[in-house]
Amino acid sequence: MKNFFSGRATPINSAQLEPVLTAWLGSPLGEALLHAERERLAPVISRVFGYHVLQLSCAPDINMLTDCPVGHQIRFAPDWVEGKGMPVADIENLPLGTDSMDAVLLHHTLDFTPDSHRLLREATRVLRPGGRLIILGFNPLSLWGLSKNLRWRSSTPWDARFISRRRLTDWLSLLDFHVESVEYGGYLAPLKHPAILDMAADFERWFDRLGNPAGAFYLIVAGKHRVPLIPVTSKWKRVRAPHLVSPLAETGRVASGRGTIIPFKPKQK
């Protein structure tokens, strides 16, 4: 059932969404979108270095990390499927240590997860300071966003959230991220006509030269601020500690022994 105030259908759980979204991404229109996303993502993901990289997706069978040089790549499935051998986890409650990932890729996850804020906070938690957060999301200011709003019966992927780029960058700023770059892609119309799909690469090349921000998706790269190695402390004025001394008698002199008083004796006549 569609909620007309939010523009989003009642979300289904991740185990039900996974086969539906995977099947759509395997369709001609979905494959054309994935091809455009991989073309944009390749120069970004190939520059990621470290030991561990995480991809969070509602369709984990779609591997977007093929161009990443990092050896340990992690993807979680929403439910156990015999023969896949993929670990199972709730992507909004990750079984990973804090500051343990060198990079995190969110592949349309914020568009479909029930709680986008919670997922973003969880991705922030597992990302190490100085690491990269890479986000692929549907752009509402595009033909795809218009198509979503004109559909009476929302089906995948048109039941996605379509979060605006401006709103997402505001969220990242609150989480202490620095947005390094924003790119757009996927300029093909959301139609299944074979002739239009055959021209997808040409559309991508033509509109990219114009810097058009109306692509079907955006690619955001953000860096998590580093924690300073030397803690910043307040500069207090240094005050010398008081010295404990013995009082001097008006009629005496201080001897070489500390605190010793030598009394004054008048000369005998």
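What ³J(HN,Hα) values, in whole Hz, does the Karplus curve 6.51 cos²θ - 1.76 cosθ + 1.60 give for the range 29-35 when θ = phi - 60°, with x put for Gly and Pro?
Per-residue couplings from phi come out as 5, x, 5, 5, 5, 4, 4 Hz.
Give me the dipole magnitude in Debye, nearest 20, for the range 13-224 about the Cα centre, with unit charges on the beta carbon: positive for Lys and Arg, negative for Asp and Glu. It would help to have the intermediate numbers written out before the result.
On the way: 21 positive and 24 negative charges, 92 e Å.
I would put it at about 440 debye.
Which ³J(HN,Hα) values, rounded to whole Hz and listed in residue order, are derived for the range 61-71 from phi using the Karplus coefficients 6.51, -1.76 and 1.60 in 6.51 cos²θ - 1.76 cosθ + 1.60 with θ = phi - 60°, glycine and proline given as x?
5, 7, 8, 9, 10, 5, 8, 8, x, 5, x
Pull up all non-local amide H partners of Ala77: gap of 5 or more, or a different chain, and H-to-H distance under 5 Å with H placed in the peptide plane.
Residues meeting the amide H criterion: Val88, Ala89.
Given Cβ point charges of +1 (Lys, Arg) and -1 (Asp, Glu) and nothing else, what value in debye, to the nearest 20, does the dipole of the range 29-143 about its Cα centre take?
Working: 10 positive and 14 negative charges, 82 e Å.
Dipole of the range 29-143, to the nearest 20 debye: 400 debye.
Each reported figure results from applying straightforward, stated rules to the coordinates on display, with no laboratory input. Keep in mind it's a predicted model, so treat the numbers as computed, not measured. Glycine gets a Cβ as well: all are built from the backbone with ideal geometry, and neighbour counts include every protein chain shown.
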